[in-house]
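**Student:** Let me give you the structure first, and then I'll get to my questions.
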Amino acid sequence: QRILRLAEMCRRLETEEEKVLPFYPSSLAEGEQQDARRVLEETPAEPLAWAMRDYVGLERFWQRFNKAKLEEQALERERAALSQRNRHLRELLRQYLAGISVSQEGLGEPNPL
């Protein structure tokens, strides 16, 4: 109950986009979605399935949690790619600056440009 109350409080802090389109569209085909709905509507036979019925209200929480984790991983990959690009650009800039500077050591060495 505490988690559900917290979820209600967090709902007020969501952006308009999150309220309108909170999840990515399903990647399941129509037939697969119907099969999934049919399985969910069946009466569970196993004790674990009965216990899971108590947590149906947390399904949206786990969807949001997983969406946040996916976005976190995507941003981490983007950060790593941008960091690599930044290192590459810094190296090119260093080479450029070394090529345009004039010094006694630079006159004897081949020009990197």
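The numbers here are math on the coordinates, done by the rules we state, and not lab data. Treat the numbers as computed from the prediction; the structure is a model and nothing was measured. FYI the Cβ positions are ideal-geometry reconstructions off the backbone, even for glycines, and counts take in every protein chain you see.
**Student:** Could you tell me the calculated FRET efficiency between residue 14 and residue 97, based on Cβ-Cβ distance and R0 = 41 angstrom, to the nearest 0.05?
**Tutor:** Details: r = 47 Å, r/R0 = 1.15.
Approximately 0.30, to the nearest 0.05.
**Student:** For residue 42 and residue 85, FRET efficiency with R0 = 41 Å and r from the beta-carbon atoms, rounded to 0.05? Spell out each step's value before the answer.
**Tutor:** Details: r = 51 Å, r/R0 = 1.25.
Here the calculated transfer efficiency is 0.20.
**Student:** Moving on to the next point. Taking the Cβ of residue 84 as the center, what net charge do the other residues with Cβ under 14 Å away carry, scoring Lys and Arg +1 and Asp and Glu -1? Please list the in-between numbers first.
**Tutor:** Working: positive: 77, 79, 85, 87, 90; negative: 76, 78, 91.
That works out to +2.
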